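Notes follow once the structure below has been shown.
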Amino acid sequence: MGSKEKKVNVFIVSDATGITAERVISAALVQFQEIKPVFKRFPNIQALKQIDNLLAEAEKLDAIVIYSLVAEDMREHFRRERRKKNVYAIDLLGPLIRRIGGMWNVIPTARPGMYKGIDQESIRLAESIDFTLKHDDGQNLETINDADIIILGISRTSKTPTSLYLSCNYNLKVANFPIIPGEEPPEGILKGRARKVGLTISPAKVAIIRKSRLRYTGSNDYSDIECIKRELLYSHKIFRQVHGLQLIDVTNSSIEEISDKIVARS
């Protein structure tokens, strides 16, 4: 995790699987590169005591809570207990259910688990997103070669947002690993079976991006263009060691364009 990123614990609370709720909040958080979400899912919440316990844990970890509860009594208990604690929470279903009921003057059944739209493809997508989040910025190296794609590059080459875009839109398990001068990536990354993509960028563009984020780091070298040039030279040295690596210059490319190039090479 880069020093500029703010780690945020995110609890996903649901009376069903919680997969849909996690996908919704993931799609929102990917727009904020300064936020590093750490997800914990609480599925099949059926008892008030379960709500009490998870809210207590959320308060200790300063977590935000995204909840998707169908039953009004469960939502009301959640709201009441949350107000007693210093916990920020977002109700995904309640406002929507009330609005629909009011529009057509109908009463919801309030029975959890009625939605059966989660097929095998949806489960695979949830697994891909979960894998990508857990393998961001060199995490969980012991399982990194279970990835469909491993993205390599120095800081500020859009590794994380590209990884999540590929995962959310193309159902791919994507890991990314930072190239840091003087630190050799593990042999498993260099020679493992997963497909590798190297991201490069112009030094001037990196300097501009990093200068706008200097408030997140105390290092003056972070945006120094000579230091950036050395970082890029070292990254290309590493790239040459990786057989079959696809090299992409991201200087003037959007995340969508980078992802299109990666997918087109598949």
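The values are calculated or read from the model by the stated rules, or taken from the named source; none is laboratory data. It should be emphasised that the depicted structure is a prediction, and the values quoted were computed from it without experimental measurement. Cβ placement follows ideal geometry from the backbone for every residue including glycine, while neighbour counts extend to all protein chains displayed.
Looking at Ser163, is it in the same structural domain as Glu127 (by TED's automatic domain parsing), surrounded by 23 or more Cβ atoms within 10 Å (Cβ to Cβ) and among the small types (Gly, Ala, Ser)?
Taking the combined requirement at face value, the residue satisfies it.
Looking only at region 139-156, how many residues end up being buried (at least 18 other Cβ atoms within 10 Å of the Cβ) and either aromatic (Phe, Trp, Tyr) or within 17 Å of the chain's Cα centre (by Cα) (or both)?
So the count comes out to 9.
Is there a residue in region 160-171 that is in contact with a His (Cβ under 7 Å, 6 or more places away or on another chain), modelled with pLDDT under 95, more than 24 Å from Asn252 (Cβ to Cβ) and not hydroxyl-bearing (Ser, Thr, Tyr)?
Scanning region 160-171 turns up no residue that is in contact with a His (Cβ under 7 Å, 6 or more places away or on another chain), modelled with pLDDT under 95, more than 24 Å from Asn252 (Cβ to Cβ) and not hydroxyl-bearing (Ser, Thr, Tyr).
Residues are listed down the side, and each one gets a yes or a no for (1) within 23 Å of the chain's Cα centre (by Cα); (2) modelled with pLDDT of 95 or more:
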| residue | (1), (2) |
| --- | --- |
| Pro203 | no, yes |
| Lys211 | no, no |
| Asn220 | no, no |
| Ile225 | no, no |
| Lys229 | no, yes |
| Phe239 | no, yes |
| Gly244 | no, no |
| Ile248 | yes, yes |
| Ile255 | yes, no |
